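*Asks:* Starting off with a structure, shown below.
The values are calculated or read from the model by the stated rules, or taken from the named source; none is laboratory data. Note that this is a predicted model, so its numbers are computed, not measured. Cβ coordinates were reconstructed from backbone atoms using ideal geometry, including for glycine residues, and neighbour counts include every protein chain displayed.
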């Protein structure tokens, strides 16, 4: 995108703030922003925690988020900041699926494929993720594949991510009143 995606506005609201609003609607609290430039992100009004593994992919960001919520019984949503149409219902469904399957380590959004950047994790999975990372793993798909995961069907429209300027432009053209609801990533615990 050529700039920090978390602060790019969609309908006048920074994408990270839109994701945080979805987390808040799902009663995930506290909400923190993981990674990115602290000075650029702090004006959004959330605590910003440094990614312990900057430049090493999203798995490091998930590990960082789980370290921030260290109690083994914590359940933590970790979501990319570039999902401006995400709503609280998606996260509620993920939290509910993890609650319904006590043996599962992670609940992951699924459209026609698994969406690993939209997941709810048990904090106790951190050690397994660290072991994967130390073996050279960086891909969330691979790490999730080594855990007990439950997939949760979600609408593809609710989890559209924005990676390129033309996707942002298309999103702005498609905007409706229903969209007005949310750095690397956001995390929120329960």
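*Asks:* So, residue 138, is that one at pLDDT 75 or above, more than 24 Å from residue 87 (Cβ to Cβ) and in contact with a helix residue (DSSP H, G or I) (Cβ under 9 Å, 6 or more places away or on another chain) or not?
*Replies:* Criteria met by residue 138.
*Asks:* Within region 11-26, can one find any residue that is part of a loop (DSSP other than H, G, I, E, B) and at pLDDT 95 or above?
*Replies:* Looking through region 11-26, at least one residue is part of a loop (DSSP other than H, G, I, E, B) and at pLDDT 95 or above.
*Asks:* Could you list all residues from region 91-103 that are surrounded by 20 or more Cβ atoms within 10 Å (Cβ to Cβ) and in contact with a helix residue (DSSP H, G or I) (Cβ under 9 Å, 6 or more places away or on another chain)?
*Replies:* Within region 91-103, 91 is the sole residue that qualifies.
*Asks:* Here is a follow-up. In region 104-140, what count of residues is obtained for those that are part of a helix (DSSP H, G or I) and farther than 20 Å from residue 186 by Cβ?
*Replies:* So the count comes out to 8.
*Asks:* Name the single residue, out of those in region 27-43 being buried (at least 18 other Cβ atoms within 10 Å of the Cβ) and not in a loop (DSSP other than H, G, I, E, B), that is farthest from the chain's Cα centre (by Cα).
*Replies:* Only one residue fits best here, namely 41.
*Asks:* Mind listing whichever residues of region 158-190 are part of a helix (DSSP H, G or I), modelled with pLDDT of 65 or more and loosely packed, with under 12 Cβ neighbours inside 10 Å?
*Replies:* Correct list: 166, 169.
*Asks:* Out of (1) crowded, with 23+ Cβ neighbours inside 10 Å; (2) in contact with a helix residue (DSSP H, G or I) (Cβ under 7 Å, 6 or more places away or on another chain); (3) farther than 23 Å from residue 4 by Cβ, the odd one out for residue 88 is which?
*Replies:* (1)
*Asks:* Please identify the pairs in which a residue from region 145-173 that is more than 23 Å from residue 14 (Cα to Cα) has its Cβ atom under 8 Å from the Cβ atom of a residue that is surrounded by 12 or more Cβ atoms within 10 Å (Cβ to Cβ) and modelled with pLDDT under 90, counting only partners at least 6 apart or on another chain.
*Replies:* Taking only residues 6 or more apart or on different chains, not a single pair turns up.
*Asks:* In region 47-67, is there at least one residue being part of a helix (DSSP H, G or I), farther than 23 Å from residue 107 by Cβ and at pLDDT 95 or above?
*Replies:* no
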